[in-house]
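Just so it is clear, none of the values below were taken in a lab; they were calculated from the coordinates. Computed from a predicted structure; not experimentally measured. Here the Cβ is made from the backbone with ideal geometry for all residues, glycine too, and neighbour counts use every protein chain on show.
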Amino acid sequence: MATWLLRRLAAALAIVFAVVTLSFIAIHLAPGTPFLPGDERAVDPAVVAALRARFGLDQPLPVQFVRYLGALGHGDLGLSFSQRRPVAQALADAVPNTLLLAGTALAVDLLLGLTLGTYQASRARRRVDAAIRAATLTLYSLPVFWLALVLLLVFGERLHWLPVGGIRDPVLSDSAPFAAHLADRLRHLILPALTLGVVGAAGTARYQRAAMLEALNQEFVRAARAKGLSERRVVWLHALRNALLPAITMVGLALPFLLTGAVLVETVFAWPGMGKLTADAIAARDYPVVTATALLASVLVVTGSALADLLYMAADPRVRAPDA
Amino acid sequence: MTEPVLRVRDLKTYFVTEGGGTARAVDGVSFDLYPGETLGLVGESGCGKTITSLSLLRLIPEPPGHIRPGSLIELEGRNLLTLAPRDLRAVRGNRLAMIFQEPMSSLNPVLTVGDQIAEGAIVHQGLSRRAARARAMEMLQLVGIPDPELRVDDYPHQLSGGMRQRVMIAMALVCHPQVLIADEPTTALDVTIQAQILELLDRLQRELGMAIMLITHDLGVVAGTADRVLVMYAGEVVEGASTPDLFAHPVHPYTEGLLASVPRLDRPRERLSGIPGTVPAASAWPSGCRFHPRCPHAWDRCRQEEPTLFEVGPGHTARCWLVVEPARRRGAAAP
Amino acid sequence: MSGARWFAVLAVIAWSALAALVLRQRFERRGADHRGPGRRFVRARGTLIAVGILVFFATVALVAPLLTPYRPSLQLDIVRLQNAPPSWGHPLGTDLYSRDTWSRIAYGARVSLSVGTLAMLLAATLGALVGAAAGYFRRWTDAVLMRLVDVGLAIPRIFILLVAAALTTHLPLATLVLMLGLTSWFATSRLVRAEVLSIRERDFVASARALGGGAWRVIFRHVLPNVAAPLIVSMALGIAQVMLLEAALSFLGVGVQPPTPSWGNMIAEGRDQLATAPWTTIFPGLAIVLVVMALNTVADALRDALDPRQETP
C-alpha cells in the first residue's frame, strides 16, 4: 500500500512538473514581453534591452526555466498587466470564491445525482425512471453558460427573486446582523451554485444509475433477497455500498467540469472567482494570469484525482486489506 | 406417516422470450419434502432444476418470468405463492433458506462475513447487534471455521473457497430454518473440499433436524448424501425413487443414460457412453415424450403422447411409456 | 419571411421526419429489449426524434440560403427592426444589429456543426492512432504515450484553449478547429487502448501476425475494425462535447469571431440584451441543446445496436 502511495504521488508530481514546463513554454511563446503586452517596437529598444536584462530575460532558456521554478516555489506567478499587481495576489483574492462556488456545486451535484441515480435504479424501466432519464438527458445537454443566462433572466430579471450577480450586496451595511449577511451571501450563491450543481448532477445521476443497475445484477443481491431482507435494505445498503465505490472515481472526474463551468458561470453572474479572473484576463490578453490559472487548474485536477484514488483505496476492503 | 414440511404441486414457471415466445422452464413439477430428509434434484443444465429452486423462494425476476397460477408451494401448511410481500420476506432466510453455487459472488464483497451472517438474526429475530454478532461467531464455530472471533471481521475475499461456502451455510442457517435449499453447493469447489462440505451439511442436518433439497448435476454427490432422488428433464420430473432404488433399478432411459455416463473405476476400460443429442430449448419442447428424440427405445406412442408419472413400485415413479409397455424396451429379454 | 420560405422550412421538417423513419428501419436494433414497455417506448421514439433533429439541422446547414430570406450579417431597418420580438416576418425575432435571428441560426448551424464534426474527426483519428499504438506495442511506447495522455487530461481543455487564444490576437477558424481537435483526443486514446489491449490477445491477431503481417497492417486491418463499435459511440459523444466547447469559447469571445455567426457568439452578443430581447439568447441556446441532446441519444442507441455487451446507462 505504501509503495502504491509513493508511486501515485510521484506520478502526480511528474504530471504537475510537465504542466509547469508547458506553462513556461507558453509564457515564452507569447509575443511581446512579460511586462509589455503586445508590440515591443513601440518602445525605445534601449529601454526594452534594459528591462530584459533586469528581468533576466536575456539569459539562456534553461536558466530562465530554473528561475521560473524558483519563482513558482516562492509563490511568484508574475505580474498581471490588466490589474497591475502580482498574479498571486489576484489569485489569492479569487480562488476562495471559486472554492465556495465549486464546493457548493459539488455538494449539490453529489447529493442530488447519487440519490436520483440510486432511486432510478430501484425503479428501473418504469415510467418514473424514463421520466427522470429524459430530464437528466436534457440537463446534461445544456450549455452551462446558457442555463446560467436563462436562470438569471427568469429569477433575476423577470421575477426579481434573486440578485442578478455579484457575491454580495454592496449596499448592505457592515453593522447589519450576521444573519442578514449570511442570507445575503446565500441569495447570491444560489443561482451560480445551482447552475453548476444541477448540470453536474444530471451527469452523476446517469452514471450512478448504471453503477447501481450493475450492482443490483450481482449474485449477492439475489442472495440478500433470499435472506428475506426488505427491498429497501437490499438497494440502499447492500447494492449502494458497492456502487459508491465507482462513484468516488466520479468525484475525481467532476473537477475538470467544475473548473470549466466556473469560468463560464462566474462570467455570467459576475462572481469574483478564478473563472471570472480568467475570462477577464482573456479579454485583456493578460496571459500571465491566463497561464497561471491554467496551471492552478491543472494542479487542482491532479490533486483531486489523486485524493479520489486514495479515498477509493481506503473505502474498498478488497484493496485495503488484500489477503488470502 | 409424518406430514411433508414442503409440498409442491404442479409448479409451472414460464418466461417470455425475446422473440415473444414462451419458455416453459418448469412445466408441472410436484414433490414432497419430509422433515429431516435430504432430497436430491438431479439433471443436466437447462432441465429446470435451478429455476425450480428459485421459484420456491419466489426469486424469479417478474418480467420476464412468472409462476403460473394453479401452482402450489406449501411450506408448513402455508401457501407461499399467495403470501403478501412482507410475510414472504419473513419466510425467506428464516423458515426456508437457500445457498448458492458461487460463494464468492453470493457474498457482498464490501461487508464483513460477520455482518452478513448477523444480518439474518437482526432482521428476523430482532437480536441486538451485539447479540447477533455473538450468534454469528457461534454459527462460524458450528460450520467448522477455526478462530471464529478473528474470522468474524474478515471480508469474503480474505477467505478460501471452502471457507466462503461454510460462511454461506452459516448465513443460511442462522435462524434455524426448517428447509435448506442447496443449489449446486459443491460445484465450484475442489473435490476434497466438496467432501467436507457435504459432510458438514449432513452433520448439520442431524443436529438441527432440517430438511435439505440438494440440487446438482453430479450423481456422485447425490449417491452419497440424498435419501431420495428426483431426476428432472425438460422442465419435468421424469423419475423419482429412493437413492438405492434409483441407482440399482433405474427405469427411465434418461436416468439410465446418466448413470451409464459416469466413468467407473471398478470396471474394465470401456468407451465412455453419453446420451446422444442435446437438451432442447425450453421454448420448444418436443412433442409427446420430451425425451423421445434422444431415447434409444422410442416408438410411435412416445412421439405422439406425453406420458404421465407412472408408479413403478413403492415410492418409485417414472414418466415413461416403458412402464406400461415394458416389452417395447429394445434388447429386452423375451418374456 | 415569405410564404415560399415557410414552405421550404416545412419541407425540410417533413424530410427530416421521413429520413429518420427510413434510417430507423435500416438500423433496427439487434439485441433484445424485452424489459418492459416503458423503456422500449422511450427508446424507440426518442431515437427517432433525435435522428430527425440531426437530419433537420444538417439539412438546414446545407441549404441555409434557401431557407432564409436574409444574409446573416445583413442589417435591416436599424430603426424599427432593432431587437424586434418574433413575428411573421421574423419568426425568431431580430437582434441588436437588426439582423434576423432565424437566418443567423441557420448560417450558424453551418459553422457550429462543421467545426464540431471536423474537430471530432481529427480528435478521433489521433486518439485511435495513439491508443492503438499504445495498446499494441506496449512497453515504452505505451508508457510514453500514456504519460502524455495523463498530462493532457490534467489540464481542463478550456484552459489550454484559452492560453492558446491569449497568445495570439485572434484564432482563425481553421486554427480553432485544429486546436479543438488537438485537445480532444486524450480520452479517446485511453478508450481505444483498452479495447486494443483486450483484442490483441485474441487468436485472429496472432494468426495475422503469423502470416507475416507488419505491425501497422495488422492494426489497421484486424485490430481497429473491432474497435469500431465503442469508437463510433465516442465519436457521436465527441461531436456534442466539441460543440459545447466551441460554444463556450465563442461565448467568451475567443472562438468564432463575429460577424460570422456561431451559436455560441450569438449567445454572447445577446447577453447584454437579455432583459429587453431574450430571444436572441434563448434560440441559439435551444439549438445547441437540441443538437447535443440528439447526439447523446443517438450515441446511446448506437451503443445498444453495435455493442450489446455494453449495457447503456
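In percent, what relative contact order does segment A:165-298 have, based on Cα pairs under 8 Å that are 6 or more apart in sequence?
Reported relative contact order: 25 percent.
Under the classification rounded if a/c is under 1.5, otherwise prolate if a/b is larger than b/c and oblate if not, where does chain C fall, given a ≥ b ≥ c as square roots of the Cα gyration tensor eigenvalues?
oblate
Can you give me the long-range amide H partners of B:MET213? Hydrogens built in the peptide plane at 1.01 Å from N, cutoff under 5 Å, separation of 5 or more residues or another chain.
Correct list: B:LEU39, B:LEU180, B:ILE181, B:ALA182.
Considering chain C as a Gaussian network with a 10 Å cut-off on Cα pairs, which listed residue, C:ALA277, C:ALA128, C:ALA14, attains the greatest mean-square fluctuation?
Its mean-square fluctuation being the largest, the pick is C:ALA14.
Could you pull out every residue, at least 5 positions away or on a different chain, whose amide H is within less than 5 Å of the one on A:LEU79? Hs are placed 1.01 Å off N in the peptide plane, and Pro or chain starts have none.
Placed amide hydrogens put A:VAL87 under 5 Å from A:LEU79.
Report relative contact order for chain C in percent, whole number only (criteria: Cα-Cα under 8 Å, sequence separation at least 6).
Relative contact order of chain C: 22 percent.
Ranking B:HIS124, A:HIS160 by Cβ neighbours within 10 Å, fewest first, what do you get?
With the fewest neighbours first, B:HIS124, A:HIS160 line up as A:HIS160, B:HIS124.
With labels modelled as points extended 7 Å from the Cα through the Cβ direction, what inter-label distance (nm, one decimal) is found for C:LEU197 paired with C:ARG209?
1.7 nm
When a footprinting reagent is the concern and you count Cβ atoms within 10 Å, what order do C:ARG193, B:ARG206, A:ARG225, C:ARG104 take, fewest first?
Ascending Cβ contact count within 10 Å gives the list B:ARG206, A:ARG225, C:ARG193, C:ARG104.
So what is the calculated 222 nm ellipticity per residue for chain B, using -39500 (n - 2.57) for each DSSP H run with n of 4 or more, over all residues, to the nearest 500 deg cm²/dmol?
After summing the helix terms and dividing by residue count, I get -9000 deg cm²/dmol.
Mean separation of Cα pairs under 8 Å and 6+ residues apart, divided by the residue count of chain A: what relative contact order is that in percent?
26 percent
Taking the Cα centre of the protein assembly as shown as the origin and placing charges on Cβ (Lys, Arg +1; Asp, Glu -1), which of B:SER273, A:ALA176, B:VAL174 is farthest toward the positive end of the dipole?
B:SER273
Rounded, prolate or oblate, given the Cα gyration tensor of segment C:213-307, with a/c below 1.5 counting as rounded?
oblate
Quick one: putting +1 on the C-beta of Lys and Arg, -1 on the C-beta of Asp and Glu, what dipole do you get for chain B around its Cα centre, in Debye to the nearest 20?
Result for chain B is approximately 380 debye, rounded to the nearest 20.
Could you tell me which residue out of A:ALA215, A:ALA202, A:LEU191 lies farthest along the dipole of segment A:168-238 toward its positive end? Charges go on the beta carbon: Lys and Arg +1, Asp and Glu -1, centred on the Cα centre.
A:ALA215
Short version: ³J(HN,Hα) in whole Hz for each residue of segment C:46-52, in order, from phi by Karplus 6.51 cos²θ - 1.76 cosθ + 1.60 (θ = phi - 60°), x for Gly and Pro, what are they?
Per-residue couplings from phi come out as x, 5, 4, 4, 4, 4, x Hz.
How do A:LYS276, A:LYS227, B:LYS12 rank when sorted from fewest to most other Cβ atoms within 10 Å of their own Cβ?
B:LYS12, A:LYS276, A:LYS227
Can you compute the charge dipole magnitude of segment B:100-231 about its Cα centre, using +1 on each Lys and Arg Cβ and -1 on each Asp and Glu Cβ, nothing else charged? Give it in debye, rounded to the nearest 20.
That gives segment B:100-231 a dipole magnitude of about 360 debye.
Where does chain A land at 222 nm, in deg cm²/dmol rounded to the nearest 500, when only DSSP H runs of n ≥ 4 count, each adding -39500 (n - 2.57), divided by all residues?
Result for chain A, helices only: -24000 deg cm²/dmol.
Once you order the gyration tensor axes a ≥ b ≥ c over the Cα atoms, which shape class does the protein assembly as shown get: rounded for a/c under 1.5, otherwise prolate or oblate by comparing a/b with b/c?
It is prolate, given that a/c is not under 1.5 and a/b is the larger ratio.
Which value, in nm² and rounded to one decimal, describes the direction-averaged projected area of the C-alpha convex hull of chain B?
19.5 nm²
Distance from the Cα centre of segment A:246-266 to that of segment C:139-194, in angstrom?
Computed from Cα coordinates, the inter-centre distance equals 18 Å.
Need one number: % antiparallel among DSSP beta bridges in the protein assembly as shown, to the nearest 5.
About 60 percent, rounded to the nearest 5.
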